[in-house]
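What follows is a single structure, written as structure tokens, with notes after it.
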Amino acid sequence: YKRITVKTLVDMKANGEKISMLTAYDYTMAKIVDGAGIDVILVGDSASNVMAGHETTLPITLDQMIYHASSVVRAAHRSLVVVDLPFGSYQSDPKEALRSAIRIMKESGGHSVKLEGGKEVKESIKRILNAGIPVMGHLGLTPQSIYKFGTYTVRAKEEQEAEQLLEDAKMLERIGCFAIVLEKIPAELAKQVAESVSIPIIGIGAGPHVDGQVLVLHDMLGMTHEFNPRFLRRYLSMYDEMTTAISQYVDDVKSQDFPNESEQY
Ligand code: KIV
Ligand code: NA
């Protein structure tokens with residue numbers, strides 16, 4: 001396989017080919033995702049929820065993101081690996097943002113970084129881009145700002161917020177981001193954004209008129225079962241299937257069915 005690069009993604013948009021993206025946080029899962037033909041693997045800070053059980057994405061550290069990312073990079077032979085800059089690793093000033101991005105690139109081997117926000121983080125993004133590190137933007141619902149908004153409901157339904165989002169997207173393209181994630185915004189607005197910029201727009205809960213889709217791996221596999229937003233399509237019911245398998249194992253141990261004659265030395 002030929003390695004997907006940031007250039008490939010921009011070409012895909014130009015050619016009208018949709019971009020597939022999923023999260024992964026460890027080697028074994030990333031190996032499956034990469035082998036199945038995904039275009040982009042996101043080492044999301046959703047690892048804070050999915051891997052560590054935190055209620056928000058805020059607690060995960062840069063060191064922890066680097067650990068997850070390095071595991072994913074060892075498995076990704078074809079896909080482009082994007083790594084989230086965690087909360088607190090880029091908001092103070094552009095120099096800190098660049099230092100954090102450099103740590104991710106050097107210590108994990110990831111291929112690019114993603115960070116949340118528009119004009120507030122413009123200077124930080126420019127610094128990172130100046131160092132030759134590709135940056136993916138993230139607008140709309142930005143989970144690192146949850147305490148500012150108070151809820152995870154749909155964003156940019158009001159005219160003013162929608163206009164700001166469109167402006168931010170154009171700015172991100174202008175300064176050199178290679179793609180933008182749009183999370184949980186009206187499909188019509190997402191369509192307008194995708195038509196207004198030539199870099200790929202990857203949606204999650206942003207409707208079909210964008211250039212690609214992203215989901216959290218454990219959600220689409222049905223490993224998690226308490227999170228049920230409208231945009232989530234589940235392709236498996238792994239929570240139920242794993243529960244069945246594990247309780248079968250428990251029963252087999254208790255009943256001494258396992259191990260049998262051929263499962264011993
Ligand atoms: O951390 C994450 O999983 C994300 C996606 C939802 C885009 O940022
Ligand atoms: Na994220």
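The values are calculated or read from the model by the stated rules, or taken from the named source; none is laboratory data. Source: prediction; values computed, not measured. Cβ placement follows ideal geometry from the backbone for every residue including glycine, while neighbour counts extend to all protein chains displayed.
The residues of region 194-214 that are hydrophobic (A, V, I, L, M, F, W, C) and either touching a strand residue (DSSP E or B) at 6+ places or on another chain (Cβ under 6 Å) or not assigned by TED's automatic domain parsing to the domain that holds LYS170 (or both), listed by number, are ALA194, ILE199, ILE201, ILE202, ILE204, ALA206, VAL210, VAL214.
Look at (1) free of Cβ contacts under 8 Å to residues at least 60 places away in the same chain; (2) within 16 Å of ILE199 (Cα to Cα) and you find that ARG127 fails only one, number (2). Looking for something within 27 Å of VAL33 (Cα to Cα) and either in contact with a helix residue (DSSP H, G or I) (Cβ under 9 Å, 6 or more places away or on another chain) or away from ligand 1 (no atom under 15 Å from the Cβ) (or both) - is there at least one such residue anywhere in region 167-178? Within region 167-178, one or more residues are within 27 Å of VAL33 (Cα to Cα) and either in contact with a helix residue (DSSP H, G or I) (Cβ under 9 Å, 6 or more places away or on another chain) or away from ligand 1 (no atom under 15 Å from the Cβ) (or both). Among the residues making up region 49-76, those that are free of Cβ contacts under 8 Å to residues at least 24 places away in the same chain and either closer than 22 Å to GLY137 by Cβ or among the aliphatic types (A, V, I, L, M) (or both) are ASN49, ALA52. Tell me, which residue of region 1-15 that is of a type in the set (Lys, Arg) and assigned to a loop (DSSP other than H, G, I, E, B) is surrounded by the most Cβ atoms within 10 Å (Cβ to Cβ)? The extreme case among them is ARG3. The number of residues in region 16-35 that are touching a Lys or Arg at 6+ places or on another chain (Cβ under 8 Å), of a type outside the set (A, V, I, L, M) and buried (at least 17 other Cβ atoms within 10 Å of the Cβ) comes to 1. Tell me the residue from ALA101, ALA76 that is crowded, with 17+ Cβ neighbours inside 10 Å, closer than 30 Å to GLU163 by Cα and away from ligand 1 (no atom under 11 Å from the Cβ), please. The unique qualifying residue is ALA101. Exactly one residue out of ASP45, ASP26 is in the same structural domain as ILE133 (by TED's automatic domain parsing), more than 16 Å from GLN144 (Cα to Cα), charged (D, E, K, R) and within 15 Å of ligand 1 (Cβ to nearest atom): that is ASP26. As for region 183-190, it holds at least one residue that is on the phi > 0 side of the Ramachandran plot, buried (at least 16 other Cβ atoms within 10 Å of the Cβ) and modelled with pLDDT of 95 or more. Among the residues of region 53-73, those identified as polar (S, T, N, Q), over 14 Å from the mean Cα position of the chain (by Cα) and within 15 Å of ligand 1 (Cβ to nearest atom) are THR56, THR61, GLN64. Against the conditions (1) at negative phi; (2) away from ligand 1 (no atom under 15 Å from the Cβ), VAL50 satisfies every one except (2). On the basis of being within 21 Å of LEU165 (Cα to Cα), more than 15 Å from ligand 2 (Cβ to nearest atom) and of a type outside the set (Lys, Arg), does GLY140 make the cut? Here the answer is no, as GLY140 does not meet what is asked.
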